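Note sheet for the following structure.
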Amino acid sequence: MLRISDLPLSESVKRIFLEEGYDLLYPPQELAVKEGLFDYENLVVASPTASGKTLIALLAAAKHISDKSGKVIYLTPLRALASEKYSEFKILERIGARVRISTGDYDTPGHELQDADVIVTTNEKMDSLLR
């Protein structure tokens, strides 16, 4: 089994995840790592509820932010789910990331997201921002 401590992340990033209680990876998480999660490969993760998909996204986001490679956008279909995931992604603030959420009205221009490193939003809001 693969552990957080085995991952190609900085020691400070690993420490944050370990302090949050993450240690052993679940099989879908381990498979994502083996399939290129930290090599910036495109992955589609389809696994049951509570199998660790959010941790896969958090690990990829932490690597991306640590490498200073641009913004991370996490999409959800529902506003309530966006709020839940926003709370989870706030862990990345401990590595200096600016985490923002946007689920508001369609006509807001999104200027409040310009300085964000991580944006958690709904599919509809992202569509609005892109238009």
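The values are calculated or read from the model by the stated rules, or taken from the named source; none is laboratory data. Model, not experiment: these values are computed from the prediction. With ideal geometry, Cβ positions are generated from the backbone for all residues, glycine too; neighbour counts draw on all protein chains shown. The protein model used for the area step is the full one, side chains on, heavy atoms only, and it has no ligands, DNA or RNA in it. Shrake-Rupley method; radii C 1.70, N 1.55, O 1.52, S 1.80 Å.
Quick look at the numbers
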{"item": "Residue range of the chain that is longest and free of GluC sites (Glu not before Pro) which are both DSSP loop and sparsely packed (at most 14 other C-beta within 10 Å)", "result": "42-131"}
{"item": "Neighbourhood charge, 13 Å Cβ-Cβ cut-off, centred on Tyr74 and excluding it, Lys, Arg +1 and Asp, Glu -1", "result": "+3"}
{"item": "Proximal lysines relative to Lys34, as straight alpha-carbon distance under 29 Å, when same-chain residues fewer than 8 apart are discounted", "result": "Lys14, Lys53, Lys63, Lys68, Lys71, Lys85, Lys90"}
{"item": "Fraction of accessible area attributable to carbon and sulfur, segment 9-131 (%, probe 1.4 Å)", "result": "52 percent"}
{"item": "Relative contact order of the chain, defined on C-alpha pairs under 8 angstrom at six or more residues apart (%)", "result": "20 percent"}
{"item": "Longest DSSP-loop-exposure-free segment, chymotrypsin sites (Phe, Trp or Tyr not before Pro), the chain, at most 16 other Cβ within 10 Å", "result": "41-105"}
{"item": "Solvent-accessible area per residue, Å², over segment 1-117 with all protein chains present [probe radius 1.4 Å]", "result": "59 Å²"}
{"item": "Which label in (i) 2, 10, 20, 22, 21, 14, 7, 3, 1, 0; (ii) 2, 10, 17, 18, 16, 12, 8, 6, 5, 4, 2, 0; (iii) 2, 13, 23, 26, 20, 11, 4, 1, 0 gives the computed P(r) over Cα pairs in 5 Å bins from 0, in percent", "result": "(i)"}
{"item": "Between helix 53-66 and the chain: long-axis angle, C-alpha atoms, 0 to 90°, nearest 10", "result": "90 degrees"}
{"item": "Accessible surface, 1.4 Å probe, highest first, among residues Arg131, Arg94", "result": "Arg131, Arg94"}
